[in-house]
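Novice: Below are the structure tokens for one structure; questions will follow.
The values are calculated or read from the model by the stated rules, or taken from the named source; none is laboratory data. Predicted, not measured: the structure shown is a model, and the values here were computed from it. Ideal geometry is used to build each Cβ from the backbone, glycine not excepted, and the neighbour counts take in all protein chains shown. We work out accessible area using only protein heavy atoms, side chains counted, and drop any ligands, DNA or RNA first. Shrake-Rupley method; radii C 1.70, N 1.55, O 1.52, S 1.80 Å.
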Amino acid sequence: MRSTYITTPIYYVNAKPHIGHAYTTIVCDVFSRFCRMLGSDVFFTTGTDEHGKKIEQSANNAGIAPQLFTDSISKLFRDLLPFLNVTNDDFIRTTERRHKDAVAHFWNRLKESGYLYLGEYSGWYDMRNEAYFSEDELVDGKSPLGGEALYMTEKCYFFRLSDFQDRLLDFYEKNPSFIFPSQRRNEVISFMSRGLNDLAVSRTTFTWGIPVPDDPGHVIYVWLDALTNYLTLNGYPNNDQSSSERWRNVIHFVGKEIVRFHAVYWPAFLMAAKLPLPKQIVSHGWWLSEGEKMSKSLGNVQDPIKYCKLFGSDALRYYLLRELSFGEDGNFSLSGFINRYNSILANAYGNLCNRVFSFVVKSCDNKVERPRDLTGDDQLFVTAVDADLKGSSSLFQRYAFSKYLEKLEHAISLANQYVDFQKPWALKTSDQGRMRDVLFLAVEQIYKITRLFYPVIPICAEKVFTQLGIPMDKAIATDYALPDEFHIDVVESLFPRIDQSTTNFDVFADD
Ligand code: ME8
């Protein structure tokens with residue numbers, strides 16, 4: 001079985017999680033569920049990034065010791081996962097012993113291979129993003145990543161990043177899909193063409209970090225610390241990464257603002273430590289709120305838990321994947337959420353399942369059988385649905401989640417049209433045999449659509465399979481043959497319409 005290792009970024013613990021974090025985690029969960037359906041042995045991880053000056057300062061501002069502070073915020077990220085119905089296999093905290101050991105080991109490998117040296121650094125430091133910039137990289141006096149920039153000088157260890165310019169460019173050329181999408185790849189290459197400077201990888205101006213082995217006055221640069229989490233989670237240094245199939249198939253999902261760290265620094269560190277490089281860095285765009293990036297420092301965030309509590313995790317997962325064209329930015333809005341929920345989940349899909357299943361229960365003694373022959377209309381219907389579903393898998397593999405869902409929505413609308421046109425309620429008095437055939441075909445297409453909907457709306461999918469008497473693990477297995485007879489005992493409502501006049505939206509008032 002093919003191994004696939006899927007990672008979210010590990011999130012800073014300077015404030016509680018918001019929709020942006022929930023988005024990446026959900027994307028990774030949906031992708032993991034999809035890969036598992038295709039038979040992959042998936043290892044899916046997430047966690048929290050807990051060191052660095054920014055976290056130390058947030059803890060100081062809160063008047064709490066950094067460890068206690070990070071304990072409490074990391075817990076909020078961990079506790080969010082069941083709300084989102086996420087199936088991660090591990091959760092890492094960079095303050096854990098296993099990680100500190102892995103980072104110290106990794107540091108020693110870089111040192112032994114001659115890529116670290118002691119020097120002095122002066123530059124503009126963006127504390128929000130924990131990165132140094134040169135004067136000419138500043139934009140209107142701020143860092144190019146948008147944070148305030150402070151001029152600082154400190155003695156620190158450097159990583160010989162400049163040695164890797166040609167090797168990295170060569171690697172990108174030989175592995176054109178390493179950075180996805182290509183727009184980000186072009187940005188990275190253009191950044192590299194300006195030349196790579198050596199990178200400051202230790203700090204002495206604060207203490208909240210992993211000490212440099214044999215020089216504890218320095219703490220290890222938080223990005224070197226954080227990126228190593230992906231190795232820690234794969235058992236480094238105890239497991240041999242060079243022979244790890246999982247490591248060769250690691251896909252890092254990240255927001256577009258941290259592509260540089262993952263696509264330039266990380267492969268350079270790995271090359272220096274003589275370790276294999278990840279398979280792909282997949283980057284997505286931002287959720288905006290009134291045109292600005294939703295972020296804790298801008299204070300314009302939305303709480304994902306509120307959405308899950310009020311509308312269910314399936315609804316949030318569906319909205320996030322459908323609304324944002326993967327890779328691009330998009331606006332998050334409650335009204336947009338309700339519109340998509342009501343028009344697709346409640347009216348088109350939920351209602352289709354409900355009316356077809358109820359009809360089977362009420363008018364067909366709870367069961368329907370596969371028809372012996374298909375009419376021309378039936379054949380057209382099944383062929384059209386199959387055409388929508390056929391290409392969907394490759395869309396998924398190209399991370400085109402919104403287009404994928406669009407295909408499923410089209411298939412749902414074909415099924416609704418088929419039922420409307422065939423009018424099983426009229427056939428009930430004129431031709432019961434035909435009525436049963438129509439209902440079987442409708443149920444069968446619902447089942448096929450629901451299988452592909454499963455990674456996005458797993459709770460609802462399970463309800464549909466249960467109504468059809470098919471266990472979830474069978475329903476989503478690649479080689480499962482659909483039974484020739486469906487039995488439906490009880491019909492369950494899937495997505496009740498959101499009635500704006502009766503829903504209490506007060507919970508959103510303080511976001
Ligand atoms: O960067 N829209 O952590 P972080 C979409 N610790 N995604 C968003 C988002 C938004 N408005 N806001 C956040 C860090 N994200 C580092 C990562 S990895 C070795 C270290 C998501 O807490 C998106 O995935 O700032 C983004 O890259 C990540 O959260 C940044 O989280």
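Novice: Using the Karplus curve 6.51 cos²θ - 1.76 cosθ + 1.60 with θ = phi - 60°, work out ³J(HN,Hα) for each residue of the range 309-326 in order, rounded to whole Hz, and write x for Gly and Pro.
Specialist: Karplus values, whole Hz, x for Gly and Pro: 5, 7, 10, x, 5, 4, 5, 5, 4, 4, 4, 5, 6, 7, 6, 8, 6, 4.
Novice: Let me ask another. Using a 1.4 angstrom probe on heavy atoms only, work out the carbon and sulfur share of the accessible area of the range 336-487 in %.
Specialist: That share works out to 51 percent.
Novice: Please report, to two decimal places, log10 I(q)/I(0) for the range 192-308 at q = 0.15 Å⁻¹ as given by the Debye formula with identical point scatterers on the Cα atoms and no solvent.
Specialist: Log-scaled intensity ratios, in q order: -0.91.
Novice: While we're here: Does the range 1-115 come out rounded, prolate or oblate, given a ≥ b ≥ c as the square roots of the eigenvalues of its C-alpha gyration tensor, rounded meaning a/c under 1.5 and, failing that, prolate meaning a/b above b/c?
Specialist: Oblate shape, in that a/c is at least 1.5 and b/c is the bigger or equal ratio.
Novice: Given Cβ point charges of +1 (Lys, Arg) and -1 (Asp, Glu) and nothing else, what value in debye, to the nearest 20, does the dipole of the chain about its Cα centre take?
Specialist: 640 debye
Novice: Assuming a ≥ b ≥ c are the square roots of the Cα gyration tensor eigenvalues, decide whether the range 3-284 counts as rounded (a/c under 1.5), prolate (otherwise, with a/b larger than b/c) or oblate.
Specialist: It is rounded, given that a/c, with a ≥ b ≥ c, falls under 1.5.
Novice: Further, regarding this structure: Which three lengths, in whole Å and largest first, does the chain cover when its Cα atoms are put on their principal axes?
Specialist: 89, 50, 38
Novice: Another question, if that's okay. Pull up the cross-link candidates among the lysines for K53, meaning alpha carbon to alpha carbon under 22 Å and not fewer than 8 places away within one chain.
Specialist: Of all the lysines, those that pass the test against K53 - Cα under 22 Å, at least 8 places apart if same chain - are K16, K75, K100, K142, K155, K296.
Novice: Rounded, prolate or oblate: which fits the range 327-410 when a ≥ b ≥ c are the square roots of the eigenvalues of the alpha-carbon gyration tensor, with rounded for a/c under 1.5 and prolate only if a/b beats b/c?
Specialist: It comes out oblate by the Cα gyration axes.
Novice: A further question on this structure: Mind ranking 136-144, 304-312 by how tightly packed they are, going by the mean number of other C-beta atoms within 10 angstrom, highest first?
Specialist: Order by mean packing, descending: 304-312, 136-144.
Novice: Among all the lysines, which ones have a C-alpha under 26 Å from K474's C-alpha, if same-chain residues fewer than 8 places away are not counted?
Specialist: By straight Cα distance, K474 reaches K367, K390, K407, K448, K463.
Novice: Where the only charges are on Cβ atoms (+1 Lys, Arg; -1 Asp, Glu), what is the dipole of the range 3-284 about its Cα centre, to the nearest 20 debye?
Specialist: Taking the Cα centre of the range 3-284 as origin, the dipole is about 620 debye.
Novice: Tell me the carbon and sulfur percent of the accessible area for the range 3-284, rounded to whole percent, probe radius 1.4 Å.
Specialist: The value for the range 3-284 is 48 percent carbon and sulfur by accessible area.
Novice: A further question follows. Could you order the peptides 440-452, 187-199 from most to least packed, using the average number of other C-beta atoms within 10 Å per residue?
Specialist: By packing density, highest mean first, the sequence is 440-452, 187-199.
Novice: May I pose another question? Mean 1/r over all different Cα pairs, inverted: what Kirkwood radius does the range 380-435 give, in Å?
Specialist: In the range 380-435 this quantity evaluates to 12.6 Å.
Novice: Would you mind working out the magnitude of the charge dipole of the range 367-511 relative to its Cα centre, with +1 at each Lys and Arg C-beta and -1 at each Asp and Glu C-beta, to the nearest 20 Debye?
Specialist: 360 debye
Novice: Kindly provide the Kirkwood hydrodynamic radius of the range 336-487 in Å, to one decimal, from all pairs of distinct alpha carbon atoms.
Specialist: Its Kirkwood hydrodynamic radius stands at 15.9 Å.
Novice: Hey, another quick one. Checking a compactness column here: for the range 88-143, what do you get for Rg(Cα) / (2.2 N^0.38 Å), N being the number of residues?
Specialist: Its radius of gyration relative to the 2.2 N^0.38 Å reference: 1.62.
Novice: Another question, then. Treat each spin label as a single point 7 Å out from the Cα along the C-beta direction, and report the S394 to K423 distance in nm.
Specialist: Here the modelled spin labels are 4.1 nm apart.
Novice: Ok, one more. Compute the normalised compactness of the range 86-187: alpha-carbon radius of gyration over 2.2 N^0.38 Å, N being the residue count.
Specialist: With N residues counted in the range 86-187, Rg over 2.2 N^0.38 Å equals 1.37.
Novice: Here's something else I'd like to know. Using the heavy atoms of the protein chains alone and a 1.4 angstrom probe, what is the accessible area of the chain per residue in square angstrom?
Specialist: 41 Å²
Novice: Something else now. In the range 336-487, if the dipole is taken from +1 on Lys/Arg beta carbons and -1 on Asp/Glu beta carbons about the Cα centre, which of T429, F381, L352 is farthest to the positive end?
Specialist: Checking the options against the dipole of the range 336-487, the answer is L352.
Novice: For helix 351-363, what angle does its Cα long axis make with the longest principal axis of the chain, in degrees from 0 to 90 and rounded to 10?
Specialist: Computed tilt is about 30 degrees.
Novice: If all Cα-Cα distances of the range 163-235 are sorted into 5 Å bins from 0 onward, what percent lands in each bin, rounded to whole numbers?
Specialist: P(r) for the range 163-235, in whole percents per bin: 3, 13, 16, 15, 19, 15, 12, 6, 1.
Novice: As I understand it, the value is the acute angle between the Cα axis of helix 19-37 and the longest principal axis of the Cα atoms of the chain; what does it come to in degrees, rounded to 10?
Specialist: Between helix and principal axis, roughly 60 degrees.
Novice: When DSSP beta bridges are limited to those with both residues in the chain, what percentage is antiparallel, rounded to the nearest 5?
Specialist: That works out to approximately 55 percent antiparallel.
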